[in-house]
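The values are calculated or read from the model by the stated rules, or taken from the named source; none is laboratory data. Since the structure is predicted, the reported quantities are computational estimates derived from the model, not experimental observations. Every residue, glycine among them, receives a Cβ derived from its backbone with ideal geometry; neighbour counts consider all protein chains shown.
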Amino acid sequence: MMLRIFASILLLFSILFLPFWVSVILALLGMLYFSLFYEAVVLFLLSDLLYGAPEARLFNIFFFSFILSIIFLLVIEFLKKKLKFYKKNQHVFKDF
């Protein structure tokens, strides 16, 4: 639990102060390591709200990194369930 909180704070720090590609790498690593890493999705929404601007190349989508983070989270969670070494009974709130 403490590791997940530390990872979320590190991702928040990277979104606020580091280049965008560092935040993307940390978010992908968090999505791969933790089960349902929703913190990345929320923090990329914060990133879009702070730094986002509509681009003509991206069909004037304002929340581009937010939408991509949702897609990546869903795809990664789907692939985790299909992999052999992933525990099927792993839950986020295993203490409750």
Within the range 23-42, the residues that are outside any helix (DSSP H, G or I) and buried (at least 19 other Cβ atoms within 10 Å of the Cβ) are 37
From 45, 74, grab the single residue that is surrounded by fewer than 16 Cβ atoms within 10 Å (Cβ to Cβ), modelled with pLDDT of 90 or more and not basic (Lys, Arg). 74
Just the residues that are farther than 13 Å from residue 42 by Cα and either β-branched (Val, Ile, Thr) or buried (at least 16 other Cβ atoms within 10 Å of the Cβ) (or both), please, taken from the range 54-63. 61
